[in-house]
Number of protein chains: 2
Amino acid sequence: MSEMNGAQSLIRTLVDSGVDVCFSNPGTSEMHFVAALDTVPEMRGVLGLFEGVVTGAADGYARIADKPAATLLHLGPGLGNGLANLHNARRAHTPIVNVIGDHATYHKQYDAPLESDIEAVAGSLQGWVRRSEHTKDVGADAAAAVAASQDAPGQVATLILPADASWGEGGETCAPIPPRIPQVVDATKVKNIAEVLAGGEPVALLVGGGGCREAGLRATSRIAAATGVKAFVETFPARIERGEGLPTIERLGYLAEQVAYQLDGIKHVIVAGTKAPVSFFAYPGKASDLVPEGAQVHVLAEVGQDVTRALNDVADLVAAETEPVLQEASRPALPSGPLTPQNWVEVIGALLPERAIIADEANTSGLLLPAATAGAPRHDVLTLTGGAIGYGMPVATGAAVAAPDRPVINLQSDGSALYTISALWTQARENLDVTTVLLNNRAYAILRLELQRVGADASGPKANELLDLSRPDMDFVKIAEGMGVPATRATTAEELAEQFQRALAEPGPHLIDAIVPTLF
Amino acid sequence: MSEMNGAQSLIRTLVDSGVDVCFSNPGTSEMHFVAALDTVPEMRGVLGLFEGVVTGAADGYARIADKPAATLLHLGPGLGNGLANLHNARRAHTPIVNVIGDHATYHKQYDAPLESDIEAVAGSLQGWVRRSEHTKDVGADAAAAVAASQDAPGQVATLILPADASWGEGGETCAPIPPRIPQVVDATKVKNIAEVLAGGEPVALLVGGGGCREAGLRATSRIAAATGVKAFVETFPARIERGEGLPTIERLGYLAEQVAYQLDGIKHVIVAGTKAPVSFFAYPGKASDLVPEGAQVHVLAEVGQDVTRALNDVADLVAAETEPVLQEASRPALPSGPLTPQNWVEVIGALLPERAIIADEANTSGLLLPAATAGAPRHDVLTLTGGAIGYGMPVATGAAVAAPDRPVINLQSDGSALYTISALWTQARENLDVTTVLLNNRAYAILRLELQRVGADASGPKANELLDLSRPDMDFVKIAEGMGVPATRATTAEELAEQFQRALAEPGPHLIDAIVPTLF
């Protein structure tokens, strides 16, 4: 490529830096980027029909690939549509190279209809933001964006690309820039933590971030086995490795009431790769800070430090001779009868295939899932890190792009599904091996619970109406088929089991509309 | 209501100020608002399954009702999801009272997962933003928000409502606050414009905003008839009144090439209620400013001034004896044969019912629509003011809530439909009389055109792949039925005519999946 425009230098630099998938929802200002895709064969463009699909897929991709994908979005409104899943990615510390096309630099003064404050919206993500004003700088800015996205612990790096910087000639590629690697926790802090563990008072160890992968979990398990500490994984890990042959570490609960139970009597909370526990929402008369009163918080590893190494260093001090406690193979029996919140998770636990990736947005329907899958074959679980619903289908899509050789299971509540439902179309188009189990309880069930928990009067018909997703019932079989994904309906455990097995056996995406009543 | 919480004072104040519809997609932090709906019977809560539906519906509602609706959104991610249609509303100068729930004030310090910079995102809309920190102020802030939303020319007024301000006791209602009314254009300016009109040089008069309603159009037509000025309506009016018995004023084109043709030879451009024309996007080597070289721009009425009165004042000076030229009744004959970009608009023109509201997001498929409907019975057309696609279905939904006695026709391109497709479910739930004609050309056809227009090389297979919506084809009949809306497919003009008539005759929503090839 002797002469390049800005878009070509951007894509070439991304590929050279290891970014070779771009989830895209382009518009006119991105047309040169789109055209440039054909000049860089290594870059794969994946079309999403809505920007929330694009950004969620980039999140799911990076959680599995351990490297960023790029997005391609159209000005401020495109970024707005993608913002909720970028918020989740921000909370997951997922590296994403978030490319946003803008009007040509000289066009912005005219306040054309799509003119919008991209910096303000992108800035709300508290990541890295740069506007690439000049064609010759686009390559260097792209390499900087890839590095910034991977700076420990990972973040959304937004590169704003004016149309004329993209179409201008004189683009220059840039060599990869190494990202900032996680800082090592110093030995003094490790020793101090070891002393807390040896102090004889009740201790909880809360592990997050990279500590939820095998090496961190093994170290955590050794520490717990040797010292009797209560070990927990953060409530919503970006990615946790689970199943047979791995330590099973309990996740901290979502509800403050659960956490109070889990941390009852604890005098010291050690945090590693995550923050001290706080309530997801505020509730009248209840504490937001979930550290038990009088307990001390000790930080072993800040978010962004090398949490796995820190856990191993502690384990070497306090558990040198101790092996981790590894989960034995164990599956529930296949249940029968009409679907319930209990038996559907038993079906999943009984049939979960080897090396599965679970994109979990089952919300209330999935409360009983962890126990049912603890002894299943080894698998990864991706969770809703930022609370912005509509994450499951896109994240499953991106995970399947990252790992075409692994089965992806999207456990998806109905209310959340509608935010980004067109992810199904991308799954069909790319023939991705995603099996969606749509937990259809025909309600915003979590809000029924929350309405009680916040102390609001739940008796009114208008309030209940706003939490009800029946009238009309949604037919997810038709919706999925309309987007090109084969779909079936299950109302019994036997049907779910049969359909789940069939979906896993066939290549490409499938959806099972599982009619499961609410827990509440 | 002797003792109120903040949420109750908010809803009561909204109702007292004339805002009695709230399009809602609530979460936990909004549960007290939801519960309070049952204490104020005059407020109607309408559930959307995605925030872009909520904000687009609020836009469509206000364009027809001539008063704001409220929204109810869930923190920063909810606002993000609603941002694209708020952008369109901003460009339409639509009054919206945009209520966003937030964490309790004391909870924000904990940086819980959904913590987000709501002010930064809301600020990007360049409207009115206020955080209501104290329960006793919520009512006053609500009244201020209603007034601000209606301050001429209308804007998005965002009220951020912390959960504890909402649930706290001691809420106080507030009496309505009068909004700032449009400023009257002074007589000197009117005289100056009259002189330009009388100067003998070629003049174009470009009318926007409230000038696109009957009174403004009549004045515009009188001016044009008396002076020979070329009169145009802005490219994307928020609401234009059209049809039999009204003046037909040509809309300024979307493409710069069209505008160059329309303004060829013009020496003076008078703008009233809109801005001087600029290109929607920048194109290499083409001008962004569409005012012909050497032509002078004269502002009769700024956006937000009383454009209708200004036009009438000018007409009284230059066209005192002249009547407006009114459109005679005229409909195309019902066509036959396979659907084409020409014959589908003839079907609409032939069958458009009395007092219809058209929510037009037909994009490229609709280029031939205006001519086919000019002589149809009087109707309103709502257009995509801000260029953020995914506007049509929500706006149709809101318009139908505002005008339950009028038929709403949503002319909807396929690519844009997928952004906010769950609006269909709200249409079904509320039994709204919306007939969606889904123009299914299985492509982002406008981008095929734009790829050529920006000079990008269109020959590559990867580029074309990103503009292609087939593989798989979407089946909008199934998607609509899955969301509770009866649907049919039309491939011929006869089928479209028969199905369109049937849909209009039956109450409630309908969708017609009209397979129309692209123009390009």
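The values are calculated or read from the model by the stated rules, or taken from the named source; none is laboratory data. In this text the structure is predicted, and so the values were computed from the model without any measurement. Note: ideal-geometry Cβ built from the backbone for every residue, glycine included; neighbour counts use all protein chains shown. Just so you know, the surface numbers come from the protein's heavy atoms only, side chains and all, with ligands and any DNA or RNA stripped out. Shrake-Rupley method; radii C 1.70, N 1.55, O 1.52, S 1.80 Å.
Numbers at a glance
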read-out	value
Nonlocal amide H pairs with B:Leu469, under 5 Å, H built at 1.01 Å	B:Ala443, B:Tyr444
Spacing of the two label points (7 Å from each Cα toward its C-beta) at B:Ala505 and A:Glu195, in nm	8.8
Other-copy label distances relative to B:Leu326, 7 angstrom Cα-Cβ extension, nm	8.8
Dipole of the protein assembly as shown [Lys/Arg +1, Asp/Glu -1 at C-beta], most positive-end residue of B:Leu504, A:Asn312, A:Thr39	A:Asn312
Protein accessible area in the range A:134-244, 1.4 Å probe - carbon and sulfur %	52
Around A:Phe476: net Lys/Arg minus Asp/Glu count, Cβ-Cβ under 13 Å	-2
Note, ³J(HN,Hα) from phi for the range B:168-184, Karplus 6.51, -1.76, 1.60, rounded to Hz, x at Gly and Pro	x, 8, x, x, 10, 6, 9, 5, x, 10, x, x, 6, 7, x, 6, 7
Relative contact order (percent, whole number), the range B:30-136, Cα cutoff 8 Å, 6+ residue spacing	26
Relative contact order (%) - criterion: Cα under 8 Å, at least six apart; region: the range B:416-520	44
For the range A:350-367, Karplus couplings with θ = phi - 60° (6.51, -1.76, 1.60), whole Hz, Gly/Pro x	6, 10, 4, x, 4, 6, 5, 10, 9, 9, 9, 10, 6, 6, 4, 5, x, 4
Computed magnitude of the charge dipole of the range B:336-439 (debye, nearest 20; Cβ of K, R +1, Cβ of D, E -1)	40
Where labels lie 7 Å past Cα in the beta-carbon direction, separation of A:Asp316 and B:Ala320 in nm	9.9
Label-point separation, A:Glu169 to B:Asp473 (7 Å along Cα→Cβ), nm	4.4
For q = 0.06, 0.08, 0.10 Å⁻¹, Debye-computed log10 I/I(0) when each Cα of the protein assembly as shown counts as one equal scatterer	-0.44, -0.79, -1.23
Karplus-derived HN-Hα couplings along the range A:341-346 (A = 6.51, B = -1.76, C = 1.60, θ = phi - 60°), whole Hz, x at Gly and Pro	x, 8, 7, 5, 6, 5
Overall Cα dimensions of chain B - principal axes, largest extent first, Å	66, 60, 46
15 Å beta-carbon shell around A:Ala120, net charge (K/R +1, D/E -1)	-2
B:Asn98 long-range amide H proximity, modeled H, under 5 Å	B:Thr71, B:Ala157, B:Thr158, B:Leu159
Student exercise, the range A:87-196 dipole from Lys, Arg, Asp, Glu Cβ charges, in Debye to nearest 20	600
Förster radius 51 Å - calculated FRET efficiency between B:Thr340 and A:Arg180, Cβ distance, rounded to 0.05	0.30
Efficiency of FRET from Cβ geometry, A:Ala329 and A:Gln296, R₀ 35 Å, rounded to 0.05	0.35
Net charge over other residues, Cβ less than 9 angstrom from the Cβ of A:Gln262 (K, R count +1; D, E count -1)	-1
Pseudo-label separations to other copies for A:Pro41 - Cα-to-Cβ vector, 7 Å, nm	7.3
Interchain or long-range residues, amide H under 5 Å from B:His298's placed H	B:Val269, B:Ile270, B:Val271
Among B:Gln427, B:His93, B:Trp167 - extreme Cα towards positive end, dipole of chain B, charges at beta-carbon	B:His93
Where a label projected 7 Å from the Cα of A:Glu354 along Cα→Cβ would reach, residues of the range A:216-247 with amide N under 16 Å	A:243-246
Relative contact order, percent, the range A:1-89 [alpha-carbon distance under 8 Å, six or more residues apart]	33
Dipole magnitude of the protein assembly as shown about its Cα centre (Cβ charges: Lys, Arg +1; Asp, Glu -1), debye to nearest 20	120
